[in-house]
Amino acid sequence: MALVSIIVPVCNEQENIRLFYEQLVKSVPLPYELIWVEDGSTDHTLLEIDRICQLDQGVKCISLSKNFGHQNAILAGLQQVKGEVMVIMDGDLQHPPALIPEMIRLIGEGNDIVHTKRISTDKIHLFKRLSSSFYYWFLNSIADINIQESGSDFRAFDKKVLQVILGFQERDPFLRGIFSWIGFRSTLLEYTATARTHGKSKYSLGRMFSLGLNGITSFSVKPLRISFFGGLIVSGLSFLFLLYALYAHLKGATISGWTSLIVSVMFLGGLQLTFIGLIGIYVGQLLVETKKRPNFIIARTINC
C-alpha cells in the first residue's frame, strides 16, 4: 500500500497538537508519515510536537526560523515528503482527518488532485461570508483561473502533481491559484467544517486582504488594463467637460465657486493614486522575485 504524506503547517496551535494527532491515528489506517511544519510559533507548539515525535518515529517536524506564512510553510513540508500521495491540511481540526481515507480512495480511482469544499461552517460572521463570496466572484472574473468558492488548502494529490508544484519558483506563492492553474484530472469532495475547539484563526482581516490581493495580482494583469481604460474614460470625460467650460465661458455663463473644482481635483487625484498604487504592487512583486530570497529558512528538524 502506497505511503501517504500528510503535511500540516501550524502556528501557535499548542492546544490542538495532541487532539489532532489522536484523531489522525484513529481516522487513518493507511501507512502514512505526518510532517508538522512549525511556522514560527511563540507558544509551546514545538514542544508539544517534539513530545509526539519522541513517541512516534513516523511523525516528523520542520521548525522554521520565523513565521514565513502559511503558503511557504506548506512548501517547506512538500520538499520533505517521501510518500506517493500527499495531503495538505490545517492542524486546527477544521479540516477533518476522517476525510483522508476517502481522499486517498478518489486518488486511487484515477484523479490527480482532490480538492475540498466546505458546505457549512459554524460561527462564521455574515460579513466574512459575504466578503468571501464577493472575493471569489471577483477573482474568478478578473483572473485567468477558476477557484472553487469556499475552497481551502485542504487537498490531496499524487506525486506527478507534487513535482510540478515544486518546479514553481515564486517568492510569494498563492497555492490555491497554482493548483487550479496547473490543470490535471481533479475532483471535488465536500465536507463540514466544525468550529475551532482551541485557539483562534491566524488569518486576520489584513492577512486575508493581503492573500486575496496576492491571488489577483499573481494570476492576472487585467487590473492594469482596467486602469488603462479607466484612465482613457476619465480623460474623455475631462475633455468633454473642457468643451463645456469653454462654451459656458463664451456664453458668459460661468459661475465662480470652489465646490466643482474641489470635487474634480479630489476625484482625479484619488483615481491617479489608486492606479499608481496598483502599478506599485506589480513592481513590488517584480522586486521580490528578482531578489531570489529563500521562501523559508529551516531552523530545526525532528525525525527527518
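The values are calculated or read from the model by the stated rules, or taken from the named source; none is laboratory data. No experiment lies behind these values; they were computed from the predicted model shown. Neighbour counts are summed over all protein chains in view; Cβ atoms, including those assigned to glycine, are modelled from backbone coordinates with ideal geometry.
Looking only at the range 277-304, residues that are of a type in the set (D, E, K, R) and assigned to a strand (DSSP E or B) come to 1 in all. Tell me, please, whether a residue that is in a loop (DSSP other than H, G, I, E, B), in contact with an Asp or Glu (Cβ under 9 Å, 6 or more places away or on another chain), among the small types (Gly, Ala, Ser) and closer than 17 Å to Pro97 by Cβ can be found in the range 3-14. Within the range 3-14, none of the residues are in a loop (DSSP other than H, G, I, E, B), in contact with an Asp or Glu (Cβ under 9 Å, 6 or more places away or on another chain), among the small types (Gly, Ala, Ser) and closer than 17 Å to Pro97 by Cβ.
Just one of (1) in contact (Cβ under 8 Å) with a residue 60 or more places away in the chain; (2) buried (at least 20 other Cβ atoms within 10 Å of the Cβ); (3) acidic (Asp, Glu); (4) more than 29 Å from Ile107 (Cα to Cα) fails for Glu15. It is (2).
Restricting the search to the range 85-103, which residues are in contact with an Asp or Glu (Cβ under 7 Å, 6 or more places away or on another chain) and either not in a strand (DSSP E or B) or not assigned by TED's automatic domain parsing to the domain that holds Asp158 (or both)? Selection gives Gly91, Asp92.
Screening the range 59-74 for residues that are more than 21 Å from Tyr21 (Cα to Cα) and either without any contact (Cβ under 8 Å) to a residue 12 or more places away in the chain or part of a helix (DSSP H, G or I) (or both) and picking the one that is nearest to the chain's Cα centre (by Cα) gives Gln71.
Looking only at residues in the range 272-300 that are of a type in the set (Val, Ile, Thr), more than 20 Å from Ile74 (Cβ to Cβ) and in contact with a Leu (Cβ under 9 Å, 6 or more places away or on another chain), which one is modelled with the highest pLDDT? If we take residues in the range 272-300 being of a type in the set (Val, Ile, Thr), more than 20 Å from Ile74 (Cβ to Cβ) and in contact with a Leu (Cβ under 9 Å, 6 or more places away or on another chain), then Ile279 is modelled with the highest pLDDT.
Of the numbered conditions (1) of a type in the set (A, V, I, L, M, F, W, C); (2) touching a strand residue (DSSP E or B) at 6+ places or on another chain (Cβ under 6 Å); (3) modelled with pLDDT of 90 or more, Leu30 fails exactly one; give the number of that condition. With (1) of a type in the set (A, V, I, L, M, F, W, C); (2) touching a strand residue (DSSP E or B) at 6+ places or on another chain (Cβ under 6 Å); (3) modelled with pLDDT of 90 or more applied to Leu30, the lone miss is (3). Only residues that are surrounded by 19 or more Cβ atoms within 10 Å (Cβ to Cβ), within 19 Å of Pro97 (Cα to Cα) and of a type outside the set (A, V, I, L, M) were counted across the range 54-66, and they come to 2.
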